Structures are given as structure tokens and as C-alpha cells.
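Read the structure below first, then the notes.
Derivation of every value follows stated rules applied to the coordinates shown; laboratory data play no part. What you see is a predicted model; the values in this text were computed from it and never measured. Quick reminder, even Gly has a Cβ in these numbers, built from the backbone with ideal geometry, and neighbours come from all protein chains shown.
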Amino acid sequence: DPERLKWFADAEINNGRWAMLGVTGIAGQEALGLNNGGHWFDVAKIGAEGPWNISPISLLPIQFGIMSVIELNRYNAFNGKSDEVGNFSSLFPLDPMNMDSPSMRFKEVKHARLAMLAFVGCFAQYCATG
């Protein structure tokens, strides 16, 4: 079904973008020591300690609001009510170097797939070291 394939392609790039952000965050905080002496997988257990001192329960409404806006925009784009699928230019109109091209989109998909595999590696590291 071509319509479902389009939805799966959108889901792949969306999940890949989150994986790229997640793996960058995991590697960055581990490398820079911004984890209060723990590891990336311990943050949910101990809460977001530090200068903000925000509990995970307090972060839930913030995440729900942000994700609702992003997912609604993605759903509207998929149904043809706004931008093309995977393009958030109505929310974030930023392309200062004019890099939006078919070749860059192909590279983004390749990097997204690599990041999803990298996150599986991060999860395996958690399972192995606990």
C-alpha cells in the first residue's frame, strides 16, 4: 500500500531524528561529565538534579506539551494540511545555508538509521553494565 509506505517513511525519519538527538545527548553528557556522577540511564531514577532540581514528574507536562505540538504538525503534514512530511518549516523556518535538497534528505535518512543502531548499542551497554 503506497499510503502506508509513505507513513512508514515519515515514521523512520521522525524516529531517526529523535535517535540522532538522543545519541548525541548520551555521548555528550558522558564525555563531558554532566551526569552528576551517574550514567545516562540513571537520570530517570535520580531525577534531573543540578541547578534546576526538576523531578521527572514535573517534566512530564512540559514534554507532553512540546511533543503534542510536534506530533500534531507531523500528522497535519502527512494529511496534506500543511508542509510536506518531515518538514517543520512552519514551526521552525530555518535553512540558512539552503541545504534542503534530495541529496541531503538521503544523507539524513542514512544518518538516522545509523543513530537508531547507535542507540541500540547504548541500550546494549546499559544491559551489559547495568
Placing each pseudo-label 7 Å from Cα in the direction of the beta carbon, residue 104 and residue 32 end up separated by a distance in nanometres of 2.5
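Go through 55-61, 121-127 and give me the packing order, highest mean Cβ count within 10 Å leading. Show your work: numbers first, answer last.
On the way: 55-61: 10.9, 121-127: 12.6.
Output ranking for 55-61, 121-127: 121-127, 55-61.
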For residue 54, list long-range residues whose amide hydrogen, built 1.01 Å from N in the peptide plane, is under 5 Å from its own amide hydrogen.
48
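Assuming 0.36 nm per residue, please report the length gained on full extension of the stretch residue 55 to residue 43 beyond their Cα-Cα distance. If you can, show how the numbers build up before the last one.
Numbers: separation 12, 0.36 × 12 = 4.32 nm, distance 1.02 nm.
Length difference between fully extended and current span is 3.3 nm.
Quick check: residue separation of residue 69 and residue 113 times 0.36 nm, minus the Cα distance between them. What number comes out in nm? Present the calculation step by step, with values, prior to reporting the outcome.
Numbers: separation 44, 0.36 × 44 = 15.84 nm, distance 2.44 nm.
Value of the extension gain: 13.4 nm.
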